[in-house]
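K.L.:
Mind having a look at this structure? Questions to follow.
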Amino acid sequence: MKLYSTNNSSTRVSFKEAVFNSMPQDKGLYMPVEILRLDDKFINNLDGYTLPEIAFHVAKNLLGNDIPEDDLKAIINDAINFYAPIVELEESVYVLELFHGPSLAFKDFGARFMSRVMSYFLEEGEKQLDVLVATSGDTGGAVALGFLGVPNTRVTILYPKGKVSNIQELQLTTNGQNIRAIEVDGTFDDCQALVKQAFTDAELNKKFRLTSANSINIARLIPQTFYYFNAYAQALKEGKSKIVFSVPSGNFGNLGAGLLAWKMGLPVAHFIAATNANDTVPEFLKTGIYQPKPSVATLSNAMDVGDPSNWVRIADLFKDDMDQFKALVTGYSYDDEQTLQAVEWVYDAYKYVVCPHTAIALQALKDWQQDHHTGATGIFLSTAHPCKFPDVFPDKIADQIVVPQQVKALESKTKHAAKLGKDFEGFKAYLLNNG
């Protein structure tokens, strides 16, 4: 597999290089030089494969011979060792539950695959790998658990003060070992800017072997395609083949992975980009003007991103035909009041509890279906377990949430986090002084 930078199409790096460098020095993002279409026999018979088998075929199609087949199968079987079912709520409406991994969020797909790929490529005696990750909520917890105890690695998680839920914060700050957390007095965009600047700082790169665990890393994006293929496979078993995916969107890695799956031949009829008040992409789809803006805090905090990093990948995928993108994707955005209304009506209608991010995805799907009578089956992505957002729900709904044992265990642990402002010099000094 060869990759280029979105800022320089003549760049060529290996998959291993892209995984460890994370982001090119020209501040673009890595993209595959070649996106091969999967053969029709595989696509048409997806319902005959298990999730790990699907993951292997998809990864092999992208990676080529970069990882030998037996090693790739072992990585996938270890990383993707949980299920991701679609659950029918009504005729033509299914939820894809992506919260059955250890951190109870869809980020487990990317974080666990990436950590094992990095561990596979790390050779004995090499310089320690320093993984930097900015989180708006769920990424940090998934990365922490994905890398916890992995030899010769250290993870530094930056999260915005007061803008993650209590359970999310405990997942970030109670791990110890090779995981450390920094509480930044700012927004997720500030955290992300600090990480990006670190990658282009000569002094830091001379002292440390830096990489990222955010979705800017191509090893995070690839495994997120797996669950789109697997959801489609499950839909085929239900006799459904015309599928619309509604994707709760913040940094747009999730939708980017879906569009990558589509480029590889997954016959998705349409995608819905569902956002909260941070509506940069839905506004672009309406006006044709892409205008990043400062993020605002919402109840769906993991989507509080005003300048989504993965937009450059999506724009690159469709650089030859942006009209095709606009025909394939519809954007919707919702404020907190609409989000809470959606949480309540989902429970009243189906006795099913959704987190605020998931509620936005379902509301967008229902609105799209009302506007488009195509006969398509809608699958909306449930990206996090509702127990991670206890303060969002009224008592009648909160009482129905079954809290997993791993969350109960967190509540007895002590938080450990450094406190920093949003200035780069302070972050750089922290890294240099705690190296």
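K.L.:
Does LYS428 meet the test of being under 30 Å from ASN205 (Cα atoms), crowded, with 16+ Cβ neighbours inside 10 Å, out of contact with any Ser or Thr (no Cβ under 9 Å at 6 or more places or on another chain) and among the charged types (D, E, K, R)? Break it down into steps so the answer makes sense when it comes.
P.N.:
Details: under 30 Å from ASN205 (Cα atoms): yes; crowded, with 16+ Cβ neighbours inside 10 Å: yes; out of contact with any Ser or Thr (no Cβ under 9 Å at 6 or more places or on another chain): yes; among the charged types (D, E, K, R): yes.
Yes: the conditions hold for LYS428.
K.L.:
Is it the case, given these coordinates, that SER5 is open to solvent by less than 10 Å² (accessible area, probe 1.4 Å), closer than 23 Å to ASN178 by Cα and touching a strand residue (DSSP E or B) at 6+ places or on another chain (Cβ under 7 Å)?
P.N.:
When the stated conditions are applied, SER5 does not pass them.
K.L.:
I've got another one for you. Could you grab me the full set of residues in the stretch 398-409 that are open to solvent by 30 Å² or more (accessible area, probe 1.4 Å) and either in contact with an Asp or Glu (Cβ under 6 Å, 6 or more places away or on another chain) or in contact (Cβ under 8 Å) with a residue 60 or more places away in the chain (or both)?
P.N.:
GLN406
K.L.:
Here is a list of conditions, (1) in contact (Cβ under 8 Å) with a residue 24 or more places away in the chain; (2) out of contact with any Cys (no Cβ under 6 Å at 6 or more places or on another chain), and SER412 meets all of them except one; can you say which number that is?
P.N.:
(1) is the only condition that SER412 fails.
K.L.:
If ASP279 passes every condition in (1) among the acidic types (Asp, Glu); (2) without any contact (Cβ under 8 Å) to a residue 60 or more places away in the chain; (3) touching an Asp or Glu at 6+ places or on another chain (Cβ under 9 Å) but one, which one does it miss?
P.N.:
(3)
K.L.:
Moving to a separate point now. From the set of residues in the stretch 344-356 that are part of a helix (DSSP H, G or I) and either without any contact (Cβ under 8 Å) to a residue 12 or more places away in the chain or in contact with a Leu (Cβ under 9 Å, 6 or more places away or on another chain) (or both), which is surrounded by the most Cβ atoms within 10 Å (Cβ to Cβ)?
P.N.:
PRO356
K.L.:
Only one residue in LEU98, LEU129 is buried (at least 18 other Cβ atoms within 10 Å of the Cβ), of a type outside the set (Lys, Arg) and farther than 24 Å from LEU381 by Cβ, so which one is that? Talk me through it step by step, then tell me what you get.
P.N.:
On the way: LEU98 fails: farther than 24 Å from LEU381 by Cβ.
Result of the check over LEU98, LEU129: LEU129.
K.L.:
Same structure again: Could you check how many residues of the stretch 164-220 are open to solvent by 20 Å² or more (accessible area, probe 1.4 Å), within 26 Å of ASN152 (Cβ to Cβ) and in a helix (DSSP H, G or I)?
P.N.:
7
K.L.:
Further question on the same structure: Consider the stretch 287-337. How many of its residues are more than 27 Å from SER22 (Cα to Cα), in contact with a strand residue (DSSP E or B) (Cβ under 7 Å, 6 or more places away or on another chain) and assigned to a helix (DSSP H, G or I)?
P.N.:
1
K.L.:
Keeping to the stretch 8-52, report how many residues are open to solvent by less than 70 Å² (accessible area, probe 1.4 Å), in a loop (DSSP other than H, G, I, E, B) and farther than 23 Å from LYS237 by Cβ.
P.N.:
8
K.L.:
Could you grab me the full set of residues in the stretch 282-313 that are of a type outside the set (S, T, N, Q) and in contact with a Leu (Cβ under 8 Å, 6 or more places away or on another chain)?
P.N.:
If the condition is that a residue be of a type outside the set (S, T, N, Q) and in contact with a Leu (Cβ under 8 Å, 6 or more places away or on another chain), then LEU299, VAL312, ARG313 are the ones that fit.
K.L.:
Please state which of the following conditions THR287 fails to meet, knowing it meets all the rest: (1) under 24 Å from ILE243 (Cα atoms); (2) open to solvent by 40 Å² or more (accessible area, probe 1.4 Å); (3) not aliphatic (A, V, I, L, M).
P.N.:
Single failed check for THR287: (1).
K.L.:
Please find, within the stretch 327-348, the residue that is nearest to SER300 (Cα to Cα) out of those that are within 22 Å of the chain's Cα centre (by Cα) and not polar (S, T, N, Q). So that I can check it myself, show each step before the final result.
P.N.:
Taking the stretch 327-348 and keeping what is within 22 Å of the chain's Cα centre (by Cα), we get 328-336, 339, 343.
Then keep just the ones that are not polar (S, T, N, Q); that gives 328-329, 331-332, 334-336, 343.
Working: LEU328: 25, VAL329: 21, GLY331: 17, TYR332: 14, TYR334: 10, ASP335: 10, ASP336: 8, VAL343: 11 Å.
Among those that are within 22 Å of the chain's Cα centre (by Cα) and not polar (S, T, N, Q), it is ASP336.
K.L.:
Right, next: Please work out which one of (1) aliphatic (A, V, I, L, M); (2) within 30 Å of TYR350 (Cβ to Cβ); (3) open to solvent by less than 30 Å² (accessible area, probe 1.4 Å); (4) not in a loop (DSSP other than H, G, I, E, B) is the condition ALA84 fails and give its number.
P.N.:
Failing condition for ALA84: (4).
K.L.:
Kindly provide the set of residues from the stretch 102-120 that are in a helix (DSSP H, G or I) and surrounded by 24 or more Cβ atoms within 10 Å (Cβ to Cβ), ordered by number.
P.N.:
Scanning the stretch 102-120 gives LYS107, ASP108, PHE109, GLY110, ALA111, ARG112, PHE113, MET114, SER115, VAL117.
The values are calculated or read from the model by the stated rules, or taken from the named source; none is laboratory data. Remember, predicted model here, so these are calculated numbers, not experimental data. Glycine also receives a Cβ, built like all others from the backbone with ideal geometry; neighbour counts cover every protein chain displayed. The area values use the complete protein model at the heavy-atom level, side chains included, leaving out ligands, DNA and RNA. Shrake-Rupley method; radii C 1.70, N 1.55, O 1.52, S 1.80 Å.
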